[in-house]
Structure formats: structure tokens, C-alpha cells
1. Keeping the other protein chains in place, figure out the carbon and sulfur percent of the accessible area of the chain, with a 1.4 Å probe.
2. According to the Cα gyration tensor, what semi-axes, each the square root of 5 times an eigenvalue, does the equivalent ellipsoid of region 1-59 have, listed from largest to smallest in whole Å?
3. In nm, give the distance between the simple-model label positions of Asp148 and Lys3, each being 7 Å from the Cα along the Cα-to-Cβ direction.
4. Please identify the trypsin sites (Lys or Arg not before Pro) of region 90-165 that satisfy two criteria: DSSP loop assignment and at most 12 other Cβ atoms within 10 Å. Which are they?
5. Where nothing but the Cβ of Lys and Arg (+1) and of Asp and Glu (-1) is charged, how large is the charge dipole of region 93-197 around its Cα centre, in debye to the nearest 20?
6. How many angstrom lie between the Cα centre of region 187-204 and the Cα centre of region 79-152?
7. Can you give the Kirkwood hydrodynamic radius of the chain from its Cα pairs, in Å with one decimal?
8. What is the mean projected area of the alpha carbon convex hull for region 3-109, to one decimal in square nanometres?
Amino acid sequence: MFKLPDLPYAYDALQPTMSAETLHLHHDKHHAAYVKTTNELLEKEGMKPQTLEEFVLEARRAGSSKLFNNSAQAWNHAFFWNCMTPGGSKPQGDLDQAISDAFGGLDQLKEKFVAEGAAHFGSGWVWLIADGKDLRVISTHDAGNTLDQNGVVPVMVCDLWEHAYYVDYHNDRKGFLETWFDALPDWGFAAHQLAAARGQGQPWRFPIGAEPQRQHA
Ligand code: MN3
């Protein structure tokens, strides 16, 4: 059984970019439902996976969209909460250099990230990924993520589902992405992911059992 991870900050900590109302709905209703349904399906199928990552891959292999959609969404949202920090941050060191090398700078990355997310048709996610030595911006549909892509480590993500922004931005997805990119990304977390992609340390994994959550300063 998987546990809904707590948010790594208070519900009102990301205001005004992301309201407490949005976070309550998004975490306590949407994310909670994905975790609950995943657990119900696990019980029904008599499965006891060690990790959520393993289960997402198994669901993908089995071609079960219900299993995949719920478990991948459980994973994606937990990753997404860790990609944000109150007050935001700036890329430093190796990550800053990698962004310059790949895109020319943070402004150019923002342009690419916002354009990809704004143009994405329907629900999904916009990602900054480390693919081998490359940093790239991609988007995935619905519950899609990069767990089934060998050699790819996700570095940053933003939720493109309407529930992520409709309360605060109505239909202005582009406005949401622009404001979000300037205010909320936790580039310290992204740097940790990039280092893992380069063989230093492990990428973020969905917490198991009572494992303590990573705390933001
Ligand atoms: Mn969502």
C-alpha cells in the first residue's frame, strides 16, 4: 500500500502564484484519489510491489491503462510537489552551466518550457529532462512520464491539467506557466536530479512507508 505524501510546505506557502485553494484541491482531492485508486487496484489484483516505480512499469508492460494512469499520476504529483519551493530559487553550479549549454540560459529555457506546455493539447505534463548528456524539454499526455524511458531522468516538471491552474488562472495556461516558471521551481531539487543523471547519487523516488519527507529550508 502506498501513502499519499504530505506536501513539503504549507498549503498557503506558494501564494500568490498557486493558491491554498488550488493546493487543497490538487493534493487532497486529485492526488489523494490517484493514490487511493492505486491501492484499491493493488489489493484487487493481489499485487505487492516494493516500489511505486516498479508498479508503474509493471502496469505499462501489462498494458493496463487504469493501473498505469492511477499509479503514474500518484508518482507524477509527488514529484511535482518536490519541484516547487516557496519563494523560488535560481539554478546554480553544474545545473546553471548545463542550462546555458543546452538552451543559452534560463530565459531561453523558460521560453521553450512555456511554449511546449502552452501548445500541448489537452491534459499532461511539461518536463525538463536529462537524456544522457542532453537537457531537453518534452511534454507527455495524461499520466505519461519518463519512468519507461531508459537513460532519462526528469529534472523539473509542471502539471498541465486544468485542475492545476483553473482556479487561479482560468483558461490562461500560458500565463500560469510564465508566472510559475519565474516564481516556484526548486532548482536545488533539479540540481539533485541532474547530478543523479550524471551518476552522482540517486534520482528522487516515491517515498516508501513512513520514510520521512524531504524538507525544504
Ligand atoms: Mn494534477
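1. Numbers: 5050 of 10430 Å².
Accessible surface attributable to carbon and sulfur in the chain totals 48 percent.
2. Working: eigenvalues 164, 24, 14 Å².
Taking √(5λ) for each Cα gyration eigenvalue gives 29, 11, 8 Å.
3. 3.0
4. Here the trypsin sites (Lys or Arg not before Pro) that fit, given the DSSP loop and packing criteria, are Lys133.
5. The calculation lands at about 140 debye.
6. 13
7. Final number for the Kirkwood radius of the chain is 17.6 Å.
8. Across all orientations, region 3-109 yields a mean hull projection of 8.8 nm².
The values are calculated or read from the model by the stated rules, or taken from the named source; none is laboratory data. All values derive from a computational prediction rather than experimental measurement. Backbone-built Cβ (ideal geometry, glycine too); neighbour counts: all protein chains shown. Just so you know, the surface numbers come from the protein's heavy atoms only, side chains and all, with ligands and any DNA or RNA stripped out. Shrake-Rupley method; radii C 1.70, N 1.55, O 1.52, S 1.80 Å.
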